[in-house]
Amino acid sequence: MHRAQGRSKERVADFAKGCDVMTRLLAALLGIALSLALLVLLGFAGAYQFLAPEIPDAAALREVKTQLPLRVYSRDGKLIAQIGEQRRIPVTWDEIPPVVVDAFLAAEDDRFFVHPGVDWQGLVRALAANVASGGMHEGGGTITMQLARNTVLTSERTLRRKLKEVFLALRLEREFSKQEILTLYLNRIFLGQRAYGIGAAAEVYFDKRASDLNLAEAALIAGLPRSPSLDNPVASVDRAQQRRAYVLRRMLEIGKIDQAAHDAALAEPISNRLHGPIIELEAPYVAEMARSEMMRLHGPEALTAGYSVVTTLDSRLQHAANVAAWRTMLEYERRHGYRGPLERVDPALLGDASAIGGVFKRNPNRGSLVTAIVTGVSERRAELIRRNGTPLTLEWDAMSWARPALEQDGLGPSPKTAGDVLAVGDVVYLEALPEGLFRLGQLPAVSGALVALDPHDGAIVALVGGFDFGASKYNRVTQAQRQPGSAFKPFLYSAALERGFTPATLVNDAPIVLPGGGGAEGDEEWRPQNITRKFYGPTPMREALVRSRNLVSIRLLRGAGIGFVMRHIAGFGFSPAALPANLTLALGTGQVTPLEMARGFAVFANGGALVTPYFIDSVSAADGGEIFRAAPLLACPDCAMPSGAPGQDAMVTADVDPSATPGAGLDERPAMPTTVDEQASAAAPGPVPPDRRAPQAISPANAFVMTDMMVDVVQRGTATRALALGRRDIAGKTGTTSDRRDTWFAGFNADIAAAVWLGFDQERSLGENEEGGKTALPMWVYFMAEALRDRPEHRQPEPPGVVRMWVSRESGAPTRAGAPGALFEAFLEQYAPQPGMMEYSDEGVGAETVEPSTGDDSLF
């Protein structure tokens, strides 16, 4: 028993000794640990003191300028374009859905709302992993550290940069709230395909706003920061799927989603389609005009500083212009035959998704045309698939127009069956029709243009420079210098009014032979013709304009004097250098753009003022502050001049330099008000102050009489197709050039002036029977049907200086109401006919009429 007690005491003593040894060991280890911790802290403190001068101030992050694209809008706020190398759509904290926050934290930093900017556990874990692997493979960085690195530091993999990243992250956490840090991070992180931030990524990969992202989409985007250029779905669907699966698994592990949500999101398919900005209005030619102008004014910064340009476009009118231009060009194409498919795919490849994807990539949609591939053909119908795999059926009526196009504008036989037009594997364009229907189409070989102005200030409210900007960036509205043909005659007739001619003046429509091409260089005789190849004898000037009689126009030009007429026409904004100083001017052989034509016709529409076309209404900086507001000169017919207005010699004021007007482009810009008071004055309603008035090109009386004559062109002349609008307030003039190379219509009422053109870029004939009234005018009518919808008829009121009286259709002399051939005609007051005046005289075929004197300034 005593022995047992002794052994027990020995054990207790041994245990006590052991405990003592353990205590001393633990104390020693604790001392070592504390020493190491102190050394680490001292090391960090020393490193901080050493690196402090190189670490940016955290507050400076608020001043870091993020590259923001140039945005272009319509006047009513529709996005037209977003232009820039980096695609960004900044979002606020309230616009970030919780599922996006949860996905990014699960993937990148699940302790974000707990740590002070540096997750020491993560750093230790990353250090151990790097030591084990023998390299720098993991960074252990938090979202705060990533924000520091991506915003103001480099991405070099060194300990020095890592320490700076840690110190700056700690500073950021003191300067910003957690929500501010996460918002900055989600707006600046690169996510592949030029997308910076979740706003741009949501648009690029899913064509939606960040606030609308679902779980699967949020997980996919959250998986991109590790390797955004390789893991995005456009680059690799497989890699994107793997990264999405990882993020969803992490969200399940940390309890942000349940198993059902995880499985459903994991099963969602991934598209590799790349989406553009959510464009709300198709106006690429105006977008390019805005980009070019902003680059001219601000240099490369224009595309990175976040400017917003508000154009003068009206979205409703621009859409109408697009539809009108597309429709008219496609109508021309159908009249001239089918040129065949874009290409033909081996039918055996129709089941190969990759091959089919390549076909659609090579043949993108154009204008109003969508690409499709023929998968089946029967007697009177064809089956096709679209880019997204949607099947559709093309009925016989949608393809029966497709007679083969032959050389020299010839047409082959009419097709009898669908097989005469299409074959399996054909890649074709389809024209979208109402109610979800389609018609076989083709990319037009012909070109067209439409531009519409507000005649009161020159604002461009709609502009279409071609069928498709992607196919051709050539802007035919501002760049295409073409012959206007008879559409130019109203400017000549306006000059003739100022020389004493009247709408009732009789001018002989008879053959004329002129040497040397009508005054141009060359020895050949010029024998001008009417388009009908007929002659009509003595013709009132009004009737000559209504019927577009060429011989009358030539005699008017000779009678008014070329020198005077050219000066008069320059008042409409045309450069004399682009106009021939010879008799061919009467037939519209100058070189003008559709924009110049619209500007010229706006003079008639607004009562005689020359407004300057402009398309930028305002420009704002990234912070929303307005840096430019247009202040165009305004038409003011009521304050243009007193009763009994002088002629054109007094109308062209000294400050109008025709050679400087923006004919080929828009280099002449309205001046920007320089002060807030000036801007307020510019926007104030009421009478137009003298310094805001556009220069007067012609008198209101001249504009009124010319408009009255051009109303007749629509009501009973070459533009009767416009009667479809059911209005009596529209006026204009058709134009067709020699060999039908150019077709035009320019027309207006008091609220809008528009010019349209149709022709080939490489000049050639449009074909027999293609004339302004048939080929171009429909585009104008389609546009105006929408532009004037629900708007009351509006013509300029009759101004002082206009008189109306009864005259004889046979002589132009005054007569009584009810007399045979009596016409109630409008005249400039100073040239109203008197008894015995304006008698017609003729000495036989080809003889000249008795015309007013040409004056000493005639070039002949």
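First check a/c for region 270-370, with a ≥ b ≥ c the square roots of the eigenvalues of its C-alpha gyration tensor; if it is under 1.5, answer rounded, and if not, answer prolate when a/b is larger than b/c or oblate otherwise.
Numbers: a/c = 2.75, a/b = 1.48, b/c = 1.86.
The shape class here is oblate.
Among LYS78/LYS178; LYS78/LYS208; LYS78/LYS473; LYS361/LYS774; LYS208/LYS256; LYS78/LYS733, which pairs are too far apart, with a Cα-Cα distance over 26 Å? Don't jump to the answer; show the numbers that get you there.
Working: LYS78/LYS178 34 Å; LYS78/LYS208 16 Å; LYS78/LYS473 22 Å; LYS361/LYS774 36 Å; LYS208/LYS256 23 Å; LYS78/LYS733 33 Å.
The answer is LYS78/LYS178; LYS361/LYS774; LYS78/LYS733.
Considering only protein heavy atoms and a 1.4 Å probe, what is the carbon-and-sulfur percentage of the accessible area of region 157-276?
Carbon with sulfur: 48 percent of the solvent-accessible area.
Which percent of the accessible heavy-atom area of region 83-122 goes to carbon and sulfur, probe 1.4 angstrom? Let's see the in-between values first.
On the way: 990 of 1810 Å².
Percent of accessible area from carbon and sulfur atoms in region 83-122: 55.
Rounded if a/c is under 1.5, else prolate if a/b beats b/c, else oblate: with a ≥ b ≥ c from the C-alpha gyration tensor eigenvalues square-rooted, which is region 293-350?
Since a/c reaches 1.5 but b/c is at least a/b, the shape of region 293-350 is classed as oblate.
Per residue, how big is the convex hull of region 403-559 when only Cα atoms are used? Give it in Å³.
251 Å³
Rounded to a whole number, what % of the accessible area of region 423-523 do carbon and sulfur atoms account for, probe 1.4 Å? Provide the component values of the computation, followed by the final result.
Details: 1460 of 2720 Å².
Answer for region 423-523: carbon and sulfur cover 54 percent of the accessible area.
With a ≥ b ≥ c the root eigenvalues of the C-alpha gyration tensor of region 181-267, is it rounded (a/c under 1.5), prolate (a/b larger than b/c) or oblate?
Here region 181-267 falls in the prolate category.
Non-local amide H neighbours of THR539 (under 5 Å, H modeled in plane, Pro and chain starts lacking H): which ones?
Long-range HN contacts for THR539: VAL507, ASN508, ASP509.
Residue by residue through region 475-491, what is 3J(HN,Hα) from phi via Karplus (6.51 cos²θ - 1.76 cosθ + 1.60, θ = phi - 60°)? Round to whole Hz and write x for glycine and proline.
Using θ = phi - 60°, the values come out as 8, 6, 5, 9, 10, 7, 8, 10, 6, x, x, 5, 4, 8, 4, x, 5 Hz.
Taking θ = phi - 60°, what integer Hz values does the Karplus form 6.51 cos²θ - 1.76 cosθ + 1.60 yield along region 805-820, in sequence order, with x for Gly and Pro?
Coupling constants for region 805-820: 7, 7, 9, 7, 5, 7, 10, x, 7, x, 8, 9, 4, x, 5, x Hz.
Roll a 1.4 Å probe over the protein chains and send me the accessible area per residue for region 380-534 in Å².
Computed with neighbouring chains in place, this is 40 Å² per residue.
So, for region 694-768, what is the accessible surface per residue at a probe of 1.4 Å, expressed in square angstrom?
Ligands and nucleic acids excluded, the result is 27 Å² per residue.
Using θ = phi - 60° and the Karplus curve 6.51 cos²θ - 1.76 cosθ + 1.60, what whole-Hz ³J(HN,Hα) does each residue of region 355-360 get, with Gly and Pro shown as x?
3J(HN,Hα) across region 355-360, in whole Hz: 5, 5, x, x, 4, 5.
How charged is the neighbourhood of PHE206? Take every other residue with its Cβ under 13 Å from the Cβ of PHE206, and add Lys/Arg as +1 and Asp/Glu as -1.
For residues surrounding PHE206, the net value is -1.
How high is the relative contact order of region 165-209, in percent, with contacts defined as C-alpha pairs under 8 Å that are six or more residues apart?
Values: 27 pairs, mean separation 8.7, N = 45.
After rounding, I find 19 percent.
If you filter region 165-268 for trypsin sites (Lys or Arg not before Pro), then keep DSSP loop positions with at most 12 other Cβ within 10 Å, what is left?
Counting only loop positions with at most 12 other Cβ atoms within 10 Å, the trypsin sites (Lys or Arg not before Pro) in region 165-268 are ARG226.
Please work out the average accessible area per residue across region 209-254, using the 1.4 Å probe convention, and give it in Å².
42 Å²
Would you please name the GluC sites (Glu not before Pro) within region 761-797 that are DSSP coil residues with at most 16 other C-beta atoms within 10 Å of their C-beta?
Qualifying residues, ordered by number: GLU763, GLU768, GLU793.
Non-local amide H neighbours of VAL802 (under 5 Å, H modeled in plane, Pro and chain starts lacking H): which ones?
When sequence neighbours closer than 5 places are left aside, the close amide H contacts are GLU829.
Hey, can you grab everything whose amide H is under 5 Å from the amide H of LEU68? Only 5+ residues off in sequence or another chain; H modelled, so Pro and N-termini drop out.
ALA305, GLY306
The values are calculated or read from the model by the stated rules, or taken from the named source; none is laboratory data. Bear in mind the structure is a predicted one, so any value in this text is a computation, not a measurement. When we count neighbours, we look across all protein chains shown, and the Cβ atoms used for this are built from the backbone with ideal geometry, even at glycine. For the accessible areas, the whole protein counts, side chains as well, though only heavy atoms, and no ligand, DNA or RNA atoms are used. Shrake-Rupley method; radii C 1.70, N 1.55, O 1.52, S 1.80 Å.
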